[in-house]
Amino acid sequence: MERIEQFDLNELKHEIYGWQVKAPSDNIRAQIKRNWDAMAKPLDSMGVFEDMVARIGAILGTEKPDISRRALIIMCADNGVVEEGISQSGQEVTAIVTRDMGIGRSNVCHMAKAVGCDTIPVDIGINSDEVFDGVLDKKVRKGTRNFAIEPAMSEAEMYQAICTGMEIVRECKEKGYTMLATGEMSIGNTTTSSAIAAGLLGLDACAVVGRGAGLSDEGLLKKRKVVQEAYDRYKLYDFIAPEVLRCVGGLDIAGLVGVYLGGCRYEIPVVVDGAISLVAAYVAEQLRPGAKDYMIASHKSREPLCEMLLEELGLNACIDAGMALGEGTGAVMLLGILDTVMALYDNNRSFEDISMKPYERFGK
């Protein structure tokens, strides 16, 4: 099933490349840093969170950022490469979990409700004709092709999925959301994300392929073999980001690329989840350098490529808990932490308020 033929490839590319990347405000970021220094506490004592708030304010264009209106965008899709036996679960699980997301019953939905975050599940490519209640129907096609046999997507399908992510961000901006988070539900996407990372980072499969949701030793070897063979077959090391994404990626990842580009275009901070979200974030930065300035890292999952991509993007994930649940759960956890950080920042209690001499900053 394909819905892509009605779209003009040049129009899709213009939507992605036909605008100027604007840097967040350095002045506001510096002012928020000064606000932290003026608070009645030791300098830099909130660690990475001080810079995180400064980055969020710089993106939103205010020294008093309000992130109370937020949403988690969850891209749901199937991957043809599951035919190769690279996942513990069958492809039908994507539809099962998406169905639960639509009625607010999945793992991440419970977590999001606890921190006041709306959930927006999106069917961007589930291999099913079912229309899921509570799920945005943005299906590009019913799952990707098996990249062990042929490229996963056509160029038009890939760009339409990216544009879909951007469109959803625009709609969120119009509805008044001031912070977004990313998640995905897509059986087999630790394989697609590993293959993308291998190509873009020029690494063998052993360096980037992990156990995903819990593969056996035999399953891990098979998964590495599938990724390595694709790496060699398509000569991924010779490709630029969109070609790597097209050959071995997934519609969920392409949709997330669009969410990050939308965050950059519409000036909304986007919280990155784990390995799959980080791969999409890296592709977005390759497509439009500067997009990473609108990303907030949440956690370092146990997939081996996570740390590599965080370093490549220059992002600092403050949660390191060995998680691998997916769905955007790590991103949602950060939202809860940020609420407590913002409670302190918004309180803005000064040294003068407690009749104390301010701390001095020495050296650098």
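A short reminder: the numbers here are calculations on the coordinates, not readings from a lab. Source: prediction; values computed, not measured. Glycine gets a Cβ as well: all are built from the backbone with ideal geometry, and neighbour counts include every protein chain shown.
Listed by Cβ neighbour count within 10 Å, with the fewest neighbours leading, PHE147, PHE362, PHE351 appear as PHE362, PHE351, PHE147. Compared with the dominant principal axis of the Cα atoms in the chain, helix 329-347 is inclined by about 10°. Cα axis of helix 251-266 to longest principal axis of the chain: angle in degrees, 0 to 90, nearest 10? Long axis of 251-266 versus the principal axis of the chain: about 30 degrees.
Listed values for region 111-117 are Karplus-derived 3J(HN,Hα) couplings in whole Hz (6.51 cos²θ - 1.76 cosθ + 1.60, θ = phi - 60°), namely 5, 5, 4, 5, 10, x, 10, and x replaces Gly and Pro.
Pairs with C-alpha atoms separated by more than 20 Å, drawn from the list LYS142/LYS300; LYS138/LYS300; LYS22/LYS173; LYS64/LYS173; LYS175/LYS300, are LYS142/LYS300; LYS138/LYS300; LYS175/LYS300.
Taking Cα centre as origin and charging only the Cβ of basic (Lys, Arg, +1) and acidic (Asp, Glu, -1) residues, the dipole magnitude of region 190-304 rounds to 120 debye. Residues whose amide H comes within less than 5 Å of that of MET185, counting only those at least five positions distant or on another chain, are MET75, CYS76, ALA77 (H built at 1.01 Å from N in the peptide plane).
Can you give the translational diffusion coefficient of the chain in µm²/s, computed by Stokes-Einstein from the Kirkwood radius over Cα pairs at 37 °C and 0.692 mPa s?
It diffuses with D of about 159 µm²/s by this estimate.
Annotation: peptides 300-306, 353-359, 9-15, ranked by per-residue average of other Cβ atoms within 10 Å with the highest first, follow the order 300-306, 9-15, 353-359.
Would you work out which of GLY314, ILE96, MET39 lies farthest towards the positive end of the dipole of the chain, given +1 charges on the beta-carbon of Lys and Arg and -1 on that of Asp and Glu, about the Cα centre? Working it through, the farthest residue towards the positive pole turns out to be MET39.
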